[in-house]
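Nothing in this text is a laboratory measurement; each read-out follows from the coordinates by a stated rule. Just so it is clear, the model here is predicted, and its values are computed rather than measured. No Cβ is skipped: glycine too gets one built from the backbone with ideal geometry, and neighbour counts run over all protein chains shown.
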Amino acid sequence: MLKRQKKRKTIFLFLLPALVIYIGLAVVPILQSVWFAFFDWNGVSGSPLTFVGMANFGSVFQSKEFLHALKNVFVFAVLNLLIQIPLGYFLAYLLADFCKGYRFFKTVFFSSVILPITATALLFKLIFGSSNTGALNAVLMAAGVIQKPQGWLIQESTALLFVILANAWCGFGYHMTLGFAAINEIPVEILQVAKLDGATSLRKIVSIVIPMIWESLKISIVMIITGSIKIFDIVYIMTEGGPNGMTQVPAVMMYNEAFKYNHYGLGSAISVVIFILCILMSVMSLRLMNKKVD
């Protein structure tokens, strides 16, 4: 009994620094955001706080711009799921099953994850071009696909799609790594028996691989959904929510309200809504996927 208590104390002491950092950098800011969401405040220290109750939340949900931002993150989530999950896990399957030099290719594919998001966003902004320029235009014009440069990031019809493509490139390597680790945990004997029984590669993937890596898939799906809801950096750097709000997302709107327009209470209300949406979507998606497996 005494040994267990000593072990628990030792474990707690080792966890204490991380716990203090987590509380200071995550829990406290969340609580502060909830508090400020009920006030009208310009964000300047020493300025008076005016209690407005639920008025900030009412303004958020009555805003057409915010509703459009919610629609954009829904599109973000759906397209990222359709791009990152199949691409990442298919590459993981190829690396685990066929590729002898998998370490090299795994490092290459994962490099998109470890690069700073700011540098990646600026790179894609140069590739796609913020105006009628960009490396993509040069390549497509040289190949004869287009006759004149296109403003991929300033056209309302294409801006959101190209930001999503850039975001998908940033994340697929992470899900490939999750998938690679999960596939390597599948007993070799099961795959060998399936091969002896004449199962095709597609049959093995559908009947064996996917069910046995389902837990990793659930993690990837939840991370993509929550990441899409709170996405900020790549959108802000590439388009700042433009053109005409077509790529606006809640996190960019929150930043603008709090730090650009000095509506700190309204910005805090948006951050609380983002936080609640992340929790709700995580719980809902996990329940749906658990039901599907059962």
I'd like to verify a number: residues in the range 1-47 that are hydroxyl-bearing (Ser, Thr, Tyr) and outside any helix (DSSP H, G or I), how many? 2
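Being of a type in the set (A, V, I, L, M), without any contact (Cβ under 8 Å) to a residue 12 or more places away in the chain and in a helix (DSSP H, G or I) is the filter here, so list the residues in the range 174-210 that pass it. Walk me through it before giving the result.
Let us first name the residues in the range 174-210 that are of a type in the set (A, V, I, L, M), namely 176, 178, 181-183, 186, 188, 190-191, 193-194, 196, 199, 202, 205-206, 208-210.
Subset that is without any contact (Cβ under 8 Å) to a residue 12 or more places away in the chain: 188, 193, 196, 199, 202, 206, 210.
Residues satisfying the conditions are Val188, Val193, Leu196, Leu202, Val206, Ile210.
Are any residues in the range 48-64 part of a helix (DSSP H, G or I) and under 13 Å from Gly267 (Cβ atoms), and if so, which ones? So that I can check it myself, show each step before the final result.
The initial filter retains those residues of the range 48-64 that are part of a helix (DSSP H, G or I), namely 55-62, 64.
Selection gives Asn56, Phe57, Ser59, Val60.
Sort through Trp169, Trp152 and tell me the only one that's of a type outside the set (A, V, I, L, M), touching a Ser or Thr at 6+ places or on another chain (Cβ under 6 Å) and either farther than 18 Å from Thr239 by Cα or part of a helix (DSSP H, G or I) (or both). Write out each step before concluding.
On the way: Trp152 fails: either farther than 18 Å from Thr239 by Cα or part of a helix (DSSP H, G or I) (or both).
Answer to the selection: Trp169.
Of everything in the range 155-166, what is in a loop (DSSP other than H, G, I, E, B) and not hydroxyl-bearing (Ser, Thr, Tyr)? Give them in sequence order. Quick ask: steps written out before the conclusion?
Restricting attention to the range 155-166, the residues satisfying the condition of being in a loop (DSSP other than H, G, I, E, B) are 155-158.
Answer for the range 155-166, where residues must be in a loop (DSSP other than H, G, I, E, B) and not hydroxyl-bearing (Ser, Thr, Tyr): Gln155, Glu156.
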Restricting to the range 106-129, give me the number of residues that are more than 26 Å from Val249 (Cα to Cα) and without any contact (Cβ under 8 Å) to a residue 12 or more places away in the chain. 2
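For the condition surrounded by 11 or more Cβ atoms within 10 Å (Cβ to Cβ) and on the phi > 0 side of the Ramachandran plot, what is the one hit in Gly88, Gly43?
Values: Gly88 fails: on the phi > 0 side of the Ramachandran plot.
Only one candidate qualifies: Gly43.
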Over the range 186-217, the set of residues under 13 Å from Asp97 (Cα atoms) and either surrounded by 12 or more Cβ atoms within 10 Å (Cβ to Cβ) or in contact with a Pro (Cβ under 9 Å, 6 or more places away or on another chain) (or both) is Ile186, Leu191, Lys195, Ser201, Lys204, Ile205, Val209
